[in-house]
Amino acid sequence: LKYEPIDFVLFGTKGDLARRKLLPSLYQLEKAGLLHDGTKVIGVARQDFSQTDYVELVKENIEKFSGDTLCKDTWTKFQARLDYVQVNLTDTASYTELCEHVDVERTMVCYFATAPSLFGDICKGMDNAGIIDDSVRVVLEKPIGQDLESSKAINDKVAEYFTEKQIYRIDHYLGKETVLNLIALRFANSIFATNWDHNCIDHVQISVAESVGIEGRWGYFDDAGQMRDMVQNHLLQILSLVAMEPPTTLDADSIRDEKLKVLKALRPINASNINEKSVRGQYSSGFVSGHEVPGYLEEEDANQKSRTETFVALKVEIDNWRWAGVPFYLRTGKRLPTKVSEIVIYFKRQPHNLFGASFSQLPPNKLVIRLQPEEGVEVTVMNKVPGLTSTGAMDLQKSKLDLSFSEEFADQRIADAYEKLLLEVMIGNQALFVRRDEVEQAWTWVDSIIKAWKSSSEGPEQYQAGTWGPVSSIGLLAKEGRSWYESK
Ligand code: BG6
């Protein structure tokens, strides 16, 4: 392996993220032979666990969440790396316990899988224990703040102890295979690279639909809403990768410089254009996949008066040369009919029709990038229907060139995004992590929308669970003669 052994310190090892995603991902890296022999995994939490109890807890979670039956050999290797340290994260003195378990001579990766309000305490505690040096890398989980101001406060706190080169801000969408494939698709194929602008593209749609509700996370979600939970990070990151200029290299800063330029070019949405450019919704009870589900205000712990949005649709414009006049429509929501994320590039119609009146409306070519599930890439093209006709006319038919990842790469397992990202942190490559200026630029744009919503007397529009969101979301495109792509 091309990286050094690591002391991987997992703060918040008992939390949801660690149990569902991080520990199972580390286990998968073990299985793939990608963990360095000398690497240790040190769980940190406030509970008093014996080593045996901790190992048992990790095992249970891996069995439950790794999506695999436990492989005995892999587990034997993995469990030998596990260690547990009891630390009260808000008590600076208790971090000295860690000194016994980490080796400051080695590279240390510290994953802060905790509420961001604890990031400052963790940095302080580590500093007090004398275990911070230039080789330490810290991984910060989203959400980084609630708005620009609180995000700056968190970033400032962490920056008192770590430089930007040591900070890895996670957006797990950047670890998804199909999101990474955007870079390959755009810059390794001249067929797309040369057609990727306002001359050829009519508009772009980015949809991230979820069928789940808020999964018992009322407290967190009601303060955040779909805008902060999904748009500020995941959707804006996808949009940046679709819209950015070619980076000079695949180095972290080359890519991040280009993404930042896109974020800076987003036309502001504010009180003057909020109704024209945005739709927000909140789900009421309904049926998802045949199951009856409660409305948002009927969820456990719900505040009946909440105006928090669980659905957002936006018309986004990018004020630069490449994208002038090309709208990007974004849509994301909870309790939609199915879980599906897609990017659809609608190319412009042909300028002249050779095929007669029956084809007066030749459909435009579309490139559909299926991010999840059924990862793949699909292009719709017009073809001549084979056969002889007495009129000599040419019949056309719309067909698909369809690349399905599960067929094309049948012997490759599609890794979870966290596996990819954890590996990148261990290697020390920041390219798939979000730089501070990107986070702050995204907040600047999002804050203005949230502010405009807040000042409006109207709340979110209701939509029935199991539908594609409020009716106005259809109107957002319909008034411009367009419609949302219908997933398979
Ligand atoms: C998380 C959000 O960042 O992403 C969740 O906090 C959301 O609300 C999740 O459900 C979606 O991720 P994925 O990988 O399942 O699409």
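The values are calculated or read from the model by the stated rules, or taken from the named source; none is laboratory data. This is a predicted model, so every value here is computed, not measured. Don't worry about glycine lacking a Cβ; one is built from the backbone with ideal geometry, like all the others, and counts go over all protein chains shown. In case anyone asks, the SASA skips ligands and DNA or RNA and just uses the protein heavy atoms, side chains included. Shrake-Rupley method; radii C 1.70, N 1.55, O 1.52, S 1.80 Å.
Calculated on C-alpha atoms, the gyration radius of the stretch 217-316 divided by its Kirkwood radius gives an Rg/Rh of 1.09.
Going by accessible area, probe 1.4 Å, with all protein chains left in place, what is the ranking of Glu486, Glu309, Glu160, largest first?
Details: Glu486 155, Glu309 15, Glu160 115 Å².
Most to least solvent-accessible, the answer reads Glu486, Glu160, Glu309.
Compute the label zone of Asn275 within the stretch 419-463: residues whose backbone N is under 15 Å from the point 7 Å along Cα-to-Cβ. Hits in the stretch 419-463 for Asn275 at 15 Å: 452-461.
Among the listed pairs Lys454/Lys479; Lys2/Lys315; Lys31/Lys142; Lys124/Lys315, those whose Cα-Cα separation exceeds 32 Å are Lys2/Lys315; Lys124/Lys315. The amide H of Gly466, built 1.01 Å from its N in the peptide plane, has Leu336 as neighbours under 5 Å, considering only residues 5 or more places off or on other chains.
Starting from a Cα-only point model with no solvent, please compute log10 I(q)/I(0) by Debye for the chain at q = 0.06 1/Å. For the chain at q = 0.06 Å⁻¹, log10 I(q)/I(0) is -0.31. Amide H to amide H distances under 5 Å link Val9 with Ile42, Val109, Cys110, Tyr111, where only residues 5 or more positions off or on other chains count and H is placed in the peptide plane.
Can you give the alpha-carbon Rg of the stretch 285-420 over 2.2 N^0.38 Å, where N counts its residues? Before the final figure, lay out each step's value.
Values: Rg = 21.6 Å, N = 136, 2.2 N^0.38 = 14.2 Å.
Taking the Cα Rg and dividing by 2.2 N^0.38 Å, one obtains 1.52.
Ranking request for peptides 330-342, 179-191: highest mean number of other beta-carbon atoms within 10 Å first, then the rest in descending order. Mind showing how you got there, number by number?
On the way: 330-342: 21.8, 179-191: 14.8.
The packing order, highest mean first, is 330-342, 179-191.
Here the 3J(HN,Hα) profile of the stretch 10-17, calculated from phi with Karplus coefficients 6.51, -1.76 and 1.60 at θ = phi - 60°, is 9, 6, x, 5, 8, x, 4, 5 Hz, Gly and Pro shown as x. The label-point distance for Ser487 and Asp437, in a model that sets each label 7 Å from Cα toward Cβ, rounds to 3.5 nm.
Give the dimensionless ratio obtained when the Cα radius of gyration of the stretch 44-109 is divided by 2.2 N^0.38 Å. Don't jump to the answer; show the numbers that get you there.
Details: Rg = 14.1 Å, N = 66, 2.2 N^0.38 = 10.8 Å.
After normalising by residue count via 2.2 N^0.38 Å, the value is 1.30.
The label-point distance for Val471 and Asp133, in a model that sets each label 7 Å from Cα toward Cβ, rounds to 6.7 nm.
Along the axis of the charge dipole computed for the stretch 125-203 (Cβ charges of +1 for Lys and Arg, -1 for Asp and Glu, origin at the Cα centre), the listed residues Asn189, Ser150, Ser135 are led at the positive end by Asn189.
Restrict the search to the stretch 372-421; then list the trypsin sites (Lys or Arg not before Pro) that DSSP places in a loop and that have at most 13 other Cβ atoms within 10 Å of their Cβ. It would help to have the intermediate numbers written out before the result.
On the way: sites: Lys384, Lys398, Lys400, Arg413, Lys420; in loops: Arg413.
Those satisfying the criteria are Arg413.
Distances between placed amide hydrogens fall under 5 Å for Tyr283 paired with Tyr296, Thr310, Tyr463, all partners being 5 or more residues away or on another chain.
What is the gain in length, in nm to one decimal, between Gln462 and Ser190 on full extension, counting 0.36 nm per residue of separation less the C-alpha to C-alpha distance? Walk me through the intermediate numbers first.
Numbers: separation 272, 0.36 × 272 = 97.92 nm, distance 4.41 nm.
Gain on extension, Gln462 to Ser190, equals 93.5 nm.
Surface exposure of the chain, expressed per residue as accessible area with a 1.4 Å probe, stands at 45 Å². Rounded to the nearest 500, the 222 nm mean residue ellipticity of the chain from helices alone is -8500 deg cm²/dmol, with -39,500 (n - 2.57) taken per DSSP H run of at least 4 residues.
The phi-based Karplus calculation (6.51 cos²θ - 1.76 cosθ + 1.60; θ = phi - 60°) puts the 3J(HN,Hα) values of the stretch 157-164 at 4, 5, 5, 5, 10, 10, 7, 4 Hz, whole numbers, x for Gly and Pro. With both labels modelled 7 Å from their Cα along Cα-to-Cβ, the Lys124 to Ala32 distance reads 3.8 nm.
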